[in-house]
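S.K.: One structure is given below, represented as structure tokens, and several questions about it will come after.
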Amino acid sequence: MTPSQIDRSGAEWMYRPENHKTQHRGKTKAIPIVGQAVKLLEPMLYCDPDQLCFVNRAGTPWNKDTYRRHITRAAGNNGLEHWTPYQLRHTVAQIVRDELGVEAAAALLGHSKLSTTEIYSRASEQRAIDAARIATTNAIGG
């Protein structure tokens, strides 16, 4: 991520990476940056627009793999059960699906097919109960 890849022109910032895994299919990627993320990222943006925002002490760029290795190693070194950053993705997908629906979860995750989103999130029992209550109330009229 570089400052030049962050569109700060609107009310919400959008990270638009130049390279991503579905670009060969003509897809674009836009990741919202909101809330605390803006405040944490802002100090890194006052540099060369093409300078990487996240590098290690040696100046090597962080990527998903180095981040995952550091997280899993830290968890293991501290006696915690195995944990990876992808568990955050799954948790957020479930929360968004429960609150806003599968379409919103798919949009946030960048999926063009809802079946892909289903890998990350499943309809919760509470959602099914709520749907049944609404359907029953509306069908019976009471």
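What follows draws every value from the coordinates through simple rules; no lab data is involved. All values reported here derive from a predicted model rather than from experimental measurement. Every residue, glycine as well, gets a Cβ built from its backbone with ideal geometry; the counts of neighbours run over all protein chains shown.
S.K.: Among the aspartates and glutamates, select those whose C-alpha is under 14 Å from the C-alpha of residue 113, and discard any that sit fewer than 8 residues away in the same chain.
M.R.: Residue 113 reaches 103.
S.K.: May I ask for the net charge around residue 84, where only other residues with Cβ less than 13 Å from the Cβ of residue 84 are counted and Lys, Arg are +1 while Asp, Glu are -1?
M.R.: Around residue 84, the surrounding residues sum to +3.
S.K.: Return the whole-Å distance between the Cα centroid of region 100-120 and the Cα centroid of region 1-23.
M.R.: Comparing the Cα centres of region 100-120 and region 1-23, I get a distance of 20 Å.
S.K.: Got a sec to turn the phi values of region 34-44 into Karplus ³J(HN,Hα) couplings, 6.51 cos²θ - 1.76 cosθ + 1.60 with θ = phi - 60°, whole Hz, x for Gly and Pro?
M.R.: 9, x, 4, 4, 4, 4, 6, 7, 3, x, 7
S.K.: Using Kirkwood radius over Cα pairs in Å as the read-out, say which of [x] 15.9; [y] 18.2; [z] 15.3 was calculated from these coordinates.
M.R.: Recomputing Kirkwood radius over Cα pairs in Å here gives the entry labelled [y].
S.K.: Further question on the same structure: Once the mean 1/r over all distinct Cα pairs of region 84-142 is inverted, what Kirkwood radius in angstroms do you read off?
M.R.: The answer is 12.3 Å.
S.K.: Taking a ≥ b ≥ c as the square roots of the Cα gyration tensor eigenvalues, with a/c under 1.5 meaning rounded and otherwise prolate when a/b beats b/c, else oblate, which class fits region 1-54?
M.R.: Note, shape of region 1-54 comes out oblate.
S.K.: What's the local net charge at residue 17, with K and R +1, D and E -1, over the other residues with C-beta under 14 Å away?
M.R.: In short, +2.
S.K.: Could you tell me which trypsin sites (Lys or Arg not before Pro) in region 35-106 are loop residues by DSSP with no more than 15 other beta carbons within 10 angstrom of their beta carbon?
M.R.: Here the sparse-neighbourhood loop sites are 57.
S.K.: Provide the packing ranking of 19-27, 99-107, i.e. peptides ordered by the mean count of other C-beta atoms within 10 Å per residue, highest first. Working shown, then result.
M.R.: Numbers: 19-27: 9.3, 99-107: 16.0.
In decreasing order of mean packing, 19-27, 99-107 become 99-107, 19-27.
S.K.: In the chain, which longest range has no chymotrypsin sites (Phe, Trp or Tyr not before Pro) that are both DSSP loop (not H, G, I, E or B) and surrounded by at most 16 other Cβ atoms within 10 Å?
M.R.: Values: sites that count: 46, 54, 62, 83.
In short, 84-142.
S.K.: Ignoring everything except DSSP H segments at least 4 long, calculate the 222 nm mean residue ellipticity for the chain; use -39,500 (n - 2.57) per segment, divide by total residues, nearest 500.
M.R.: Value at 222 nm, helices only, nearest 500: -14000 deg cm²/dmol.
S.K.: While we're on this one: With θ set to phi - 60°, apply the Karplus curve 6.51 cos²θ - 1.76 cosθ + 1.60 along region 69-75 and write out the HN-Hα couplings as whole Hz, x wherever there is a Gly or Pro.
M.R.: With the stated coefficients, region 69-75 comes to 4, 5, 5, 5, 5, 4, 4 Hz.
S.K.: Using the Karplus curve 6.51 cos²θ - 1.76 cosθ + 1.60 with θ = phi - 60°, what ³J(HN,Hα) values do you get for each residue of region 103-118, in whole Hz, with x for Gly and Pro?
M.R.: The phi angles translate into 5, 5, 4, 4, 5, 5, 7, x, 8, 8, 10, 5, 5, 5, 5, 4 Hz.
S.K.: Give me the one-decimal nm value for the distance between modelled label points at residue 57 and residue 25, 7 Å along each residue's Cα-to-Cβ direction.
M.R.: Between residue 57 and residue 25, the label points sit 4.1 nm apart.
S.K.: While we're here: Skipping prolines and chain starts, which residues have an amide H placed within reach, meaning under 5 Å, of the one on residue 13, given they are 5 or more residues away or on another chain?
M.R.: Under 5 Å from the amide H of residue 13 lie the amide H atoms of 33, each far enough along the sequence or on another chain.
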